[in-house]
Amino acid sequence: MRFASLGSGSAGNCLVAEAAGTVVMLDCGLTLTETERRLARLGLEPRQVAALLVTHEHGDHAGCAFAFAAAHDVEVCLTHGTLAALRSEGKALDGVRVRTISGRERFAVDGMEVRPFTVPHDAREPVQYVLSDGASRLGVITDIGISTPHVQEMLSGLEALVLECNYDRDLLWGGSYPRWLKERIGGPFGHLDNRDAERLLAALDRSRLKHVIGAHLSQQNNRPELARAALARALGCEASWVGVATQDDGFAWRSL
Ligand SMILES: [Zn+2]
Ligand SMILES: [Zn+2]
């Protein structure tokens, strides 16, 4: 299996994973043209995407999901709640193939096993995903207010982890965001800060991890070196070993 990010952060998230010739896309929060441009940068064509997995309805994850799916005849996998939320926003479903999924049941996209799991976040029915080709497992988790025993169980013993490091607590609270927004981001249905991510990582079985990448960093309220240092503390490794996904470039292909 290999995986790469097209971009990560509040201006749009999109990741791709490929196993045995099957490509899945996880979230589609960039514009349609930008998604196509960045897929090409990774050597992929949109028609190669076998399924688009959506985590939740927020624009930075689902903004162009239906538009991409309609333009390239790609099946969209999402929970009932996420579908209902996108419908109520008036998102056009014309020409879109939809597969509703449960946050408790794994399913297959050709040669890729997909395990959704439920998370606390201020969306209708949010999930995050673990992907597996049968030999290795990749977990991707962003947009979660607090960790839970269920989340820890899902993320233990993986070979690769893309983990939200949304903000640094001091930068957020000392910054210019309005109080209600600071409370939303920092609350139990908001996002993980660097220390939350460090604690979550420290609580996992890390024995098989070959890749750890900080993701969904706030451009106002975080710095890559702070996220790297926090994850490196949990891993007991050099900070340079830890990857960070950026808004403009995501991260390049990594292989398992
Ligand atoms: Zn987000
Ligand atoms: Zn969100």
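The values are calculated or read from the model by the stated rules, or taken from the named source; none is laboratory data. Keep in mind that what you see is a predicted model, and the values were worked out from it rather than measured. Every residue, glycine as well, gets a Cβ built from its backbone with ideal geometry; the counts of neighbours run over all protein chains shown. These area figures cover heavy atoms from the full protein model, side chains too; ligands, DNA and RNA do not enter into them. Shrake-Rupley method; radii C 1.70, N 1.55, O 1.52, S 1.80 Å.
Between ARG199 and ALA67, the distance separating the two model label sites (each 7 Å from Cα on the Cα→Cβ line) works out to 3.9 nm.
For the stretch 31-85, count all C-alpha to C-alpha pairs, find those more than 17 Å apart, and express that count as a whole percent of the total.
Values: 513 of 1485 pairs.
Tail of the P(r) past 17 Å holds 35 percent of the pairs.
With loop defined by DSSP as not H, G, I, E or B, and exposure as at most 10 other Cβ atoms within 10 Å, which is the longest segment of the chain clear of exposed GluC sites (Glu not before Pro)?
Result, exposed sites excluded: 106-237.
How do VAL242, VAL98 stack up against each other in accessible area, from largest to smallest, with a 1.4 angstrom probe?
On the way: VAL242 5, VAL98 55 Å².
My answer, sorted largest first, is VAL98, VAL242.
Using Cα-only point scatterers and the Debye equation, what is log10 of I(q)/I(0) for the stretch 121-240 at each q in 0.11, 0.13 Å⁻¹, rounded to two decimals? Summing over Cα pairs of the stretch 121-240 leads to -0.35, -0.49. Rounded to the nearest 5, the antiparallel percentage of DSSP beta bridges internal to the chain is 55%.
Once the 1.4 Å probe is applied to the protein heavy atoms, the chain comes out at 41 Å² accessible per residue.
Kirkwood Rh over Cα pairs of the chain into Stokes-Einstein at 4 °C, 1.567 mPa s: D in µm²/s?
Details: Rh = 18.0 Å.
Taking Rh from Cα pairs, D becomes 72 µm²/s.
Calculate I(q)/I(0) for the stretch 47-143 by the Debye formula, one identical point scatterer on each C-alpha and no solvent, and give its log10 at q = 0.10, 0.15, 0.23 Å⁻¹ to two decimals. Computed log10 I(q)/I(0) values: -0.24, -0.56, -1.28. Applying 1/(1 + (r/R0)^6) with r as the Cβ-Cβ distance of ALA84 and LEU171 and R0 = 35 angstrom yields a FRET efficiency of 0.50. In order along the stretch 229-245, the Karplus-derived 3J(HN,Hα) couplings, from 6.51 cos²θ - 1.76 cosθ + 1.60 at θ = phi - 60°, round to 4, 5, 5, 5, 4, 5, 8, x, 10, 5, 4, 5, 6, 7, x, 9, 7 Hz, and Gly and Pro are given as x.
Computed over protein heavy atoms with a 1.4 Å probe, the carbon and sulfur contribution to the accessible area of the chain reaches 48%. The length gained by stretching the chain between THR100 and ALA229 to full extension, at 0.36 nm per residue less their Cα-Cα distance, is 42.6 nm.
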